[in-house]
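Asks: One structure coming up, written as structure tokens, with questions to follow.
The values are calculated or read from the model by the stated rules, or taken from the named source; none is laboratory data. What you see is a predicted model; the values in this text were computed from it and never measured. Methodologically, a virtual Cβ is constructed for each residue, glycine included, from the backbone with ideal geometry; neighbour enumeration extends over all protein chains shown. Quick note on the areas: whole protein, heavy atoms, side chains included, nothing else; ligands and nucleic acids left out. Shrake-Rupley method; radii C 1.70, N 1.55, O 1.52, S 1.80 Å.
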Amino acid sequence: MQSNFVVTPESVGQRLDAFVLSNMPQLSRSHIKNLIDDGKITVGGKLLKAGYKVKQNDDVLVEVNEPKELSIKPENIPLNIVYEDDDLAVINKTKGLVVHPANGNENGTLVNALLYHLKNLSGINGVIRPGIVHRLDKDTSGLLIVAKNDKSHTNLAKQIETKSCHRFYKALCYGNFKQDSGVIKTGFGRSLKDRKQMAVYPLNEGKIAETHYNVICRYGKYTLVEFVLQTGRTHQIRVHSKHIGHPIVGDELYGSHDKNFKTIGQLLHAYKIQFTQPTTGQPLIFEVPLSDDFQKALNKLNNGVYNEN
């Protein structure tokens, strides 16, 4: 559902979030903040921050999806549980597995599997996302933390927010990176051209997204890269890779299909995660091998296939 509002003289100077609240009192402040962060509220087609002071005749567009109550059922879907204690579990998610249900996709997800395999899950994110502290895209494989109680969920979410939870990814990217390491820092939000995509914006628009990278190995036409998230935006690594001219191999949403490698989806793997156990304070670090299709692609490159300049 879309709602459109034009700023009149009596509203000039209001914060964007306050202006939306005054026109849509059925929404909570936190809901409005999330809508702004997700790029669902634009001013004249631009993504602006909640504190933006609206001007006369500004055209404010608000997009709100009507929620649908879902009844999530446990399903006996195989899970690779790397670690488990009373507070949390660490899952090595397989490629192709959606993390949580959504309208039109209510079964066969990680959440359905969690409800079957684990006795307890945190309830902070409601019925649709129990235990889910952070997410991975459907075709991104690798490590994911799941909270078993609300206290642990809050602690783990805070670790991610304060960057004391470290998440490391490996990706095979197109092209030869000019620098061995670097930082990509941009504004970030939903694309205004294609609502299925996220996009890079100037730093003063949308959320801040920051990704660090280190080159692991160069293969001429391809580069194996380690990415380290400093923020956790939807599709962040995929969009930032495209932004610097090196989209991830197999990413058809932000790049193209690669005929050299038989892979479904992007060659992106969350291979390592480091954080603190919420109750004991014990440092925890986990690392898992690459997915099969990713490793097969590297085997070809290591054998000299497709790596000519």
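Asks: For every helix of n ≥ 4 consecutive DSSP H residues, a contribution of -39,500 (n - 2.57) applies; sum these over the chain, divide by its total residues, and give [θ] at 222 nm rounded to the nearest 500 deg cm²/dmol.
Replies: Counting only the DSSP helices, I get -5000 deg cm²/dmol.
Asks: Could I ask something else about it? Compute the Kirkwood hydrodynamic radius of segment 80-181, taking the inverse of the mean of 1/r over all pairs of distinct Cα atoms, and give it in Å to one decimal.
Replies: Taking every pair of different Cα atoms in segment 80-181, averaging 1/r and inverting gives 14.7 Å.
Asks: In whole Hz and in residue order, list the ³J(HN,Hα) couplings for segment 144-153 that follow from phi through the Karplus curve 6.51 cos²θ - 1.76 cosθ + 1.60, θ = phi - 60°; x for Gly and Pro.
Replies: Running phi through 6.51 cos²θ - 1.76 cosθ + 1.60 with θ = phi - 60° gives 9, 8, 10, 8, 9, 8, 5, 4, 5, 4 Hz.
Asks: In the P(r) worked out for the chain, what percent of Cα pairs fall beyond 31 Å?
Replies: Across the chain, Cα pairs with separations above 31 Å total 37 percent.
Asks: Here's something else I'd like to know. Magnitude of the Cβ-charge dipole of the chain, K/R +1 and D/E -1, about the Cα centre, nearest 20 debye?
Replies: 480
Asks: Once you charge only the Cβ atoms, +1 for Lys and Arg and -1 for Asp and Glu, what is the size of the charge dipole of segment 1-87 about its Cα centre, to the nearest 20 debye?
Replies: About 680 debye.
Asks: Restricting to DSSP loop positions (anything but H, G, I, E, B) with no more than 11 other Cβ atoms inside 10 Å of their own Cβ, which trypsin sites (Lys or Arg not before Pro) remain in segment 127-214?
Replies: Answer in residue order: LYS178, LYS193, ARG195, LYS196.
Asks: When the Kirkwood hydrodynamic radius is evaluated over all pairs of different C-alpha atoms of segment 139-244, what value in angstrom, to one decimal, is obtained?
Replies: Every distinct Cα pair counted, the radius reaches 15.1 Å.
Asks: Please turn the phi angles of segment 219-225 into ³J(HN,Hα) values with the Karplus equation 6.51 cos²θ - 1.76 cosθ + 1.60 (θ = phi - 60°), one per residue in order, whole Hz, x for glycine and proline.
Replies: 10, x, 7, 9, 9, 8, 10
Asks: Rolling a 1.4 Å sphere over the protein heavy atoms, what is the accessible area per residue of segment 3-127, to the nearest Å²?
Replies: Averaged over the residues of segment 3-127, the accessible area is 53 Å².
Asks: Output the Kirkwood hydrodynamic radius of segment 210-300, Cα pairs only, in Å rounded to one decimal.
Replies: After inverting the mean inverse Cα-Cα distance, the result is 14.6 Å.
Asks: Now, a different point. Using a Gaussian network for the chain with springs between C-alpha atoms less than 10 Å apart, which of these wobbles most: LEU61, LEU136, LEU229?
Replies: Highest fluctuation among the options: LEU61.
Asks: Which one of GLY108, GLY250, PRO202 is farthest out on the positive end of the charge dipole of the chain, using unit charges on Cβ (Lys, Arg +1; Asp, Glu -1) and the Cα centre as origin?
Replies: After comparing all options, I get PRO202.
Asks: What whole number of Å gives the distance from the Cα centroid of segment 172-202 to the Cα centroid of segment 135-170?
Replies: Taking the Cα centre of segment 172-202 as reference, the centre of segment 135-170 is 21 Å away.
Asks: Hand me the trypsin sites (Lys or Arg not before Pro) from segment 82-119 located in a DSSP loop with no more than 10 other Cβ atoms within 10 Å, in residue order please.
Replies: LYS119
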